[in-house]
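Remarks on the structure that follows.
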Amino acid sequence: MKPPGRPFRQLPRSRPLWLAGVFVLGFLAVLGRDIQVQYLQTGQLRAQGQMRYLHNQRLPAQRGVIFGDNGLPLAVNTAASTIWGDPKVLGKHQDQWPQLAQALHLSVIELGQRLASGGADFAYLARQRPPSVGKAVRALGIPGVGVLPSSRSYFPLGAATTPLIGLVDQAHQGATGMELSYNQWLDAHPGSEEALYDGHGQIVQVLKVARLSHPGHAIHLTINPQMQYWAYMALLRSLHQFHARVGSAVLMNVHTGAILAMVSAPSCNPNQKGSCTAPADYVNNAVHQAFEPGSVMKPFAIAAALASHSVSPSQKFNVYHPLWVGGYPITDDVRHHILNIEHILKYSSCIGTAKIALLTPKRTLYNMYQAVGFGREPPLGLPGETAGVLPPWQSWGVARHATISIGYGVSVTTLQLAAAYASIANGGWYVRPHLFAGEKSQRHRVMPAWVANDLRRWLQSVARPGGTGILAAIPGYAVAGKTGTSNMANGKDGFYHHRTNATFVGFAPGPRPDLVMAVNLRGSHYSWNFGGIEAAPVFRYTMRRALRTLDVAPRCNIGGKFLDIRVPAGSDLHELALKYHSTSRYLEQINHLPSPQALQAGAFFQVPMPLGEKDFCRVQTPAVSRAQAEIWSEGGG
């Protein structure tokens with residue numbers, strides 16, 4: 001007998017069919033999705049994948065280099081590293097942010113802010129950092145962080161060129177100075193390449209170069225690095241010694257207009273991080289700051305009077321009594337009686353110059369001022385250039401007719417003064433100043449040669465004993481120039497009584513000048529704040545070294561009976577003997593030449609001292625205390 005069991009239940013016959021249907025439908029769904037992914041959405045999905053793993057990487061390019069006249073760079077590129085991050089990837093590794101922030105010399109908060117300031121998959125974390133920083137970051141191996149090779153600007157002369165050459169920003173774009181003015185020429189054009197990245201943000205493969213990089217163009221300037229450095233150091237020392245607010249100087253070739261040095265103070269060293277934060281530290285005062293020049297304007301009033309025959313070169317003037325014009329007296333600090341034109345310049349007589357100006361038609365004076373460059377914008381294309389102020393002659397009353405001739409009621413720049421005095425030094429030609437090497441000189445005549453020659457001879461007395469520019473004297477060289485001192489305007493139709501514009505403009509060597517230099521210091525409240533004390537020593541220090549750099553031999557050796565010269569190319573012993581009133585045999589003897597054929601061009605050579613030179617060579621720069629007394633007695637210029 002069988003035990004009782006559970007009753008048998010028969011399944012519905014349709015259930016297998018339902019199960020089979022479910023499996024078929026599932027298979028069809030998977031197949032449909034596969035067809036959709038593999039064929040219908042392939043382009044869309046690939047684009048999304050590329051967005052995650054395929055990026056355009058920047059290919060750096062070098063910014064153009066700025067060179068000086070001797071081929072040495074004034075602004076050059078050095079290796080640097082740019083660190084970037086992928087916010088999506090790096091955001092998942094916040095535990096490693098402290099190590100990254102420490103390597104970048106940032107706080108964790110700053111790091112987060114920089115990461116948030118970028119795009120969806122790219123943000124700059126640090127730019128233009130030293131290669132050592134990039135190496136340290138790369139060694140951390142943090143996902144989502146990349147290091148790109150880049151470059152940053154380095155300025156070999158540091159603060160000596162900052163106001164002229166300028167600065168670049170973190171994007172390596174020009175921010176000030178020539179870097180800004182000529183940014184389009186200097187700017188590099190980076191390229192790009194497509195690269196495949198893994199999930200950690202590291203490059204797996206470079207697929208293709210999308211765009212080639214192109215470096216910036218170089219610029220070759222007329223600036224001589226040595227002269228630029230000397231001029232800056234001398235200007236900076238005088239600025240600090242006399243507590244002036246700002247200063248500038250320009251050194252220029254009188255024949256070509258090539259600017260050999262252009263310096264401003266204060267300045268800053270762009271190679272030191274965080275040093276160039278004050279705008280005043282990178283302003284080019286030589287072209288940006290216009291000032292009332294004072295007595296350095298006097299030679300041009302005299303030039304206009306001589307050229308128009310309003311006065312004669314031998315004419316004398318009584319300067320004993322004040323000259324009243326427009327209800328105001330024009331006076332001299334020291335009384336003189338009768339002065340000729342040379343002594344009017346030597347003693348910087350305001351009365352004498354004003355009398356000469358009033359004898360000259362207004363339009364004639366105006367045309368002379370404008371011809372030598374006053375009231376015209378400089379042609380250099382630098383940021384902030386100013387034309388200064390030269391009022392139209394039709395607006396001149398009697399007072400302005402007189403005061404402009406002594407440097408009041410007109411404003412000029414240091415560059416304008418250098419270019420104007422070059423026209424006296426080179427025989428009457430205005431030469432357009434320029435900064436680019438190889439630029440063709442442009443010039444036009446602004447005064448007769450005989451007027452320029454007379455002024456050049458008279459201005460030499462300024463840098464001799466009794467003249468207001470004695471501190472500009474260079475032993476062994478003839479120096480010509482003019483001092484200028486004017487009280488600074490206070491902006492309230494008056495003047496500060498103890499703040500001055502102190503200026504000296506001069507050229508050398510005297511008889512046949514090659515170089516001209518203008519120096520200005522503003523805002524000094526020192527007790528001896530005259531152009532002859534503050535600015536003239538800057539001229540002397542710089543010009544002395546510049547002449548030696550250009551192999552311009554002194555006219556004599558102090559205390560000696562022989563003159564050292566350089567043998568001109570193509571000269572023979574007979575020509576030198578005739579030129580220096582000697583004989584070939586005597587020149588052979590004193591120079592120990594074995595034969596006339598042993599004479600070498602460019603070599604130093606001794607010749608007998610020319611007649612009349614010994615007295616000149618004994619003129620040396622006096623002690624400062626004595627010079628101060630002399631300049632004080634003559635009013636400072």
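Name the residue that is farthest from GLY467 (Cα to Cα), counting only residues in segment 349-379 that are open to solvent by 10 Å² or more (accessible area, probe 1.4 Å) and not in a helix (DSSP H, G or I).
Here the answer is PRO379.
Within segment 303-341, how many residues turn out to be buried (at least 18 other Cβ atoms within 10 Å of the Cβ) and either of a type in the set (Asp, Glu) or out of contact with any helix residue (DSSP H, G or I) (no Cβ under 9 Å at 6 or more places or on another chain) (or both)?
Counting residues in segment 303-341 that are buried (at least 18 other Cβ atoms within 10 Å of the Cβ) and either of a type in the set (Asp, Glu) or out of contact with any helix residue (DSSP H, G or I) (no Cβ under 9 Å at 6 or more places or on another chain) (or both) gives 1.
If you take the residues of segment 133-147 that are within 13 Å of ASP86 (Cβ to Cβ) and free of Cβ contacts under 8 Å to residues at least 60 places away in the same chain, which of them is surrounded by the most Cβ atoms within 10 Å (Cβ to Cβ)?
Among residues in segment 133-147 that are within 13 Å of ASP86 (Cβ to Cβ) and free of Cβ contacts under 8 Å to residues at least 60 places away in the same chain, the one surrounded by the most Cβ atoms within 10 Å (Cβ to Cβ) is GLY144.
Which of the residues spanning segment 508-530 are within 21 Å of the chain's Cα centre (by Cα) and either charged (D, E, K, R) or more than 16 Å from PHE291 (Cα to Cα) (or both)?
LEU515, VAL516, MET517, ARG522
Just checking, does segment 156-173 include any residue being among the charged types (D, E, K, R), at pLDDT 85 or above and over 30 Å from LEU235 (Cα atoms)?
No: segment 156-173 contains no residue that is among the charged types (D, E, K, R), at pLDDT 85 or above and over 30 Å from LEU235 (Cα atoms).
Is segment 318-329 home to any residue that is touching a Leu at 6+ places or on another chain (Cβ under 6 Å) and either over 30 Å from LEU167 (Cβ atoms) or aliphatic (A, V, I, L, M) (or both)?
Yes, there is a match, as at least one residue in segment 318-329 is touching a Leu at 6+ places or on another chain (Cβ under 6 Å) and either over 30 Å from LEU167 (Cβ atoms) or aliphatic (A, V, I, L, M) (or both).
Which of the numbered conditions does GLN94 fail, given that it passes all the others? Conditions: (1) modelled with pLDDT of 80 or more; (2) open to solvent by 40 Å² or more (accessible area, probe 1.4 Å); (3) touching a strand residue (DSSP E or B) at 6+ places or on another chain (Cβ under 9 Å).
Answer for GLN94: the failing condition is (3).
One line per residue, one yes/no per condition, for (1) in contact with a Pro (Cβ under 8 Å, 6 or more places away or on another chain); (2) surrounded by 19 or more Cβ atoms within 10 Å (Cβ to Cβ); (3) at pLDDT 95 or above:
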{"site": "ALA210", "(1), (2), (3)": "no, no, no"}
{"site": "GLY216", "(1), (2), (3)": "no, yes, no"}
{"site": "TYR229", "(1), (2), (3)": "no, yes, yes"}
{"site": "TYR232", "(1), (2), (3)": "no, yes, yes"}
{"site": "SER238", "(1), (2), (3)": "yes, yes, no"}
{"site": "GLN241", "(1), (2), (3)": "no, no, no"}
{"site": "ALA244", "(1), (2), (3)": "no, yes, no"}
{"site": "MET252", "(1), (2), (3)": "yes, yes, yes"}
{"site": "GLY257", "(1), (2), (3)": "yes, yes, yes"}
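Conditions tested, residue by residue: (1) in a helix (DSSP H, G or I); (2) in contact with a helix residue (DSSP H, G or I) (Cβ under 9 Å, 6 or more places away or on another chain); (3) open to solvent by 10 Å² or more (accessible area, probe 1.4 Å).
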site	(1), (2), (3)
THR386	no, yes, yes
GLN394	yes, yes, yes
THR403	yes, yes, yes
ALA418	yes, yes, no
ALA422	yes, no, no
LYS440	no, no, yes
MET447	no, yes, no
ARG456	yes, yes, yes
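Residue by residue, here is whether (1) among the polar types (S, T, N, Q); (2) closer than 28 Å to VAL334 by Cα holds:
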{"site": "SER405", "(1), (2)": "yes, yes"}
{"site": "LEU417", "(1), (2)": "no, yes"}
{"site": "GLU439", "(1), (2)": "no, no"}
{"site": "PRO448", "(1), (2)": "no, no"}
{"site": "ARG464", "(1), (2)": "no, yes"}
{"site": "THR468", "(1), (2)": "yes, yes"}
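For LEU196, state whether it is modelled with pLDDT under 80, open to solvent by 80 Å² or more (accessible area, probe 1.4 Å) and not basic (Lys, Arg).
No, not satisfied.
Give me the residue from segment 474-493 that is aliphatic (A, V, I, L, M) and modelled with pLDDT of 90 or more and, out of that set, nearest to TYR541 (Cα to Cα).
VAL479
So is LYS346 over 30 Å from THR386 (Cβ atoms) and at pLDDT 95 or above or not?
no
Kindly indicate which of PRO149, PRO143 is over 18 Å from GLY274 (Cα atoms) and in a loop (DSSP other than H, G, I, E, B).
The match here is PRO143.
This table checks each residue for (1) of a type in the set (A, V, I, L, M, F, W, C); (2) touching a residue at least 24 places away in the same chain (Cβ under 8 Å); (3) open to solvent by 30 Å² or more (accessible area, probe 1.4 Å).
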site	(1), (2), (3)
PHE122	yes, yes, yes
PRO149	no, yes, yes
GLN170	no, yes, yes
GLY177	no, yes, no
TYR182	no, yes, yes
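Among the residues of segment 588-609, is any out of contact with any helix residue (DSSP H, G or I) (no Cβ under 7 Å at 6 or more places or on another chain), hydroxyl-bearing (Ser, Thr, Tyr) and at pLDDT 75 or above?
Checking segment 588-609: at least one residue is out of contact with any helix residue (DSSP H, G or I) (no Cβ under 7 Å at 6 or more places or on another chain), hydroxyl-bearing (Ser, Thr, Tyr) and at pLDDT 75 or above.
The values are calculated or read from the model by the stated rules, or taken from the named source; none is laboratory data. Just so it is clear, the structure is predicted and the values come from calculations on it, not from any experiment. Note: ideal-geometry Cβ built from the backbone for every residue, glycine included; neighbour counts use all protein chains shown. Note: areas computed on protein heavy atoms with side chains; ligands, DNA, RNA excluded. Shrake-Rupley method; radii C 1.70, N 1.55, O 1.52, S 1.80 Å.
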